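Taking it in order: structure first as structure tokens, then the write-up.
The values are calculated or read from the model by the stated rules, or taken from the named source; none is laboratory data. All of these numbers come straight from a predicted model, not from anything done at the bench. Ideal geometry is used to build each Cβ from the backbone, glycine not excepted, and the neighbour counts take in all protein chains shown. Surface areas here come from the heavy atoms of the whole protein model, side chains and all, with no ligands, DNA or RNA. Shrake-Rupley method; radii C 1.70, N 1.55, O 1.52, S 1.80 Å.
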Amino acid sequence: MADRVTVIGWDGSPLTEAARSALGAATLVAGAGHHLDLPEVPPAAERIRLGSVALAARRVTAHRGTAVVLADGDPAFFGVVRTLRAPEYGLEVEVVPAVSSVAAAFSRAGMPWDDAQVVVAHRRTLRRAVNVCRAHHKVAVLTSPGAGPAELGLLLEGVHRTFVICEELGTERERVSVLTSDKVADHTWRDPNVVIVMGGPVTSSEDGGWIAGRDPGAGPRGWALPGETYGGALGEGETEVLRAAQLARLGPRTGDLVWDIGSGSGAFATEAARCGAAVIAVDRDADACARTMATARRFGVQVQITHGTAPHVLEDLPEPDVVRVGGGGAAVVSAVADRRPERIVTHAATRDAAELIGRDLTEHGYRVECALLQSVELDTRAWTEKERSVAFLLSGQLERRESPR
């Protein structure tokens with residue numbers, strides 16, 4: 001095992017005294033090509049071009065001497081330190097950080113970033129990164145080949161965002177571009193880059209908030225809020241008890257894309273968005289679409305509205321993770337199941353309708369659960385019944401996910 005391992009971050013600035021000292025004593029140096037070309041790298045040191053971090057970690061572990069690993073920005077922030085400290089290598093590392101590429105990008109843009117989400121986009125995580133960009137007003141995306149600004153822009157089709165694209169930060173080829181999301185796919189971008197994606201309603205406070213990213217305390221406390229919170233006159237599929245059960249079955253979370261078909265007042269769509277998920281709300285009634293938009297704005301969340309009749313309007317929508325079917329019956333549920341979301345939830349007014357939907361979900365490979373929900377609202381002044389609602393709650397969970405999205 002190496003006698004000493006130092007990880008040095010580099011942001012294009014002159015190396016600190018601590019970094020130069022560690023490099024001067026190194027007998028092995030690992031890094032990208034531009035790191036190995038630094039004049040401070042000892043000529044006699046063994047050099048490893050950093051491609052696979054795991055492979056480099058094995059080489060460092062087997063080395064007898066003093067090792068240095070060079071990385072861009074802060075190597076402890078979505079960087080090589082996590083791999084080097086993995087139990088299978090047993091390496092104890094000392095870190096000499098630099099300004100992270102995310103901090104540098106926001107500095108170039110002249111913006112604060114304590115209210116930003118930060119995500120990493122690879123080919124396998126690109127879709128989830130895009131969903132975060134749909135759901136949040138300010139997101140920094142650390143990109144990779146095949147999951148860069150052009151791909152982000154293509155997958156955000158129909159969603160207006162502003163891109164601040166920072167290429168090769170800290171080098172002589174550094175370039176910062178500002179474009180709307182519909183224009184970025186027309187360009188070729190150099191790696192590495194950081195993309196700041198901005199748009200939608202912004203909520204801020206005078207003191208800058210108290211936690212990085214979205215404030216979890218924003219908006220009223222609780223879920224499945226009372227109907228009067230949404231202006232009253234909710235549809236039969238929007239009762240508090242039913243919404244609470246639907247949210248519990250679907251479990252929307254950051255990185256998910258939720259379809260809310262038959263959005264009505266927008267109560268469910270808004271609550272799913274408050275969980276951090278990206279939401280597309282669908283309704284054939286233009287007034288319902290307007291109510292959903294107004295509700296989302298009032299709560300400071302981002303919901304994409306699609307006006308049209310399911311199932312036909314669903315054909316051009318991006319792939320969902322979980323879906324609530326608030327209207328349309330068995331035909332819409334069947335069309336949704338064809339798209340293979342992980343979970344589907346809906347309701348029925350009669351047992352016959354519930355059985356029809358349940359059989360269809362089973363035939364599509366979903367494990368089906370059904371519960372009869374009955375709620376009775378009482379007037380606590382006289383403890384008399386005010387309102388009663390009954391519905392069959394159906395949920396389907398895909399038995400076997402074909403591949404991660």
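Computed values, structure above
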quantity: Val141 being open to solvent by 50 Å² or more (accessible area, probe 1.4 Å) and touching a strand residue (DSSP E or B) at 6+ places or on another chain (Cβ under 9 Å); calculated: no
quantity: Residue within the stretch 40-47 that is out of contact with any Asp or Glu (no Cβ under 9 Å at 6 or more places or on another chain), part of a strand (DSSP E or B) and over 17 Å from Val95 (Cα atoms) present; calculated: yes
quantity: Selected residue [open to solvent by 30 Å² or more (accessible area, probe 1.4 Å) and out of contact with any helix residue (DSSP H, G or I) (no Cβ under 9 Å at 6 or more places or on another chain)] from Arg340, Arg291, Arg367, Arg284; calculated: Arg340
quantity: Pairs where the first residue, in the stretch 167-186, is open to solvent by less than 40 Å² (accessible area, probe 1.4 Å) and of a type in the set (S, T, N, Q) and the second is assigned to a loop (DSSP other than H, G, I, E, B) and at pLDDT below 90, C-beta under 8 Å, 6+ apart; calculated: none
quantity: Scope the stretch 221-238; condition assigned to a loop (DSSP other than H, G, I, E, B) and exposed (fewer than 14 other Cβ atoms within 10 Å of the Cβ); matching residues; calculated: Arg221, Gly222, Pro226, Gly232, Ala233
quantity: The lone exception for Val96 - which of (1) of a type in the set (A, V, I, L, M); (2) exposed (fewer than 15 other Cβ atoms within 10 Å of the Cβ); (3) closer than 25 Å to Leu169 by Cβ it fails; calculated: (2)
quantity: Where Asp316 falls short, out of the listed (1) assigned to a loop (DSSP other than H, G, I, E, B); (2) touching a helix residue (DSSP H, G or I) at 6+ places or on another chain (Cβ under 8 Å); (3) open to solvent by 10 Å² or more (accessible area, probe 1.4 Å); calculated: (2)
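Conditions (1) β-branched (Val, Ile, Thr); (2) in a loop (DSSP other than H, G, I, E, B), marked per residue:
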| position | (1), (2) |
| --- | --- |
| Val119 | yes, no |
| Asn131 | no, no |
| Glu157 | no, yes |
| Val164 | yes, no |
| Gly170 | no, yes |
| Val178 | yes, no |
| Ala185 | no, no |
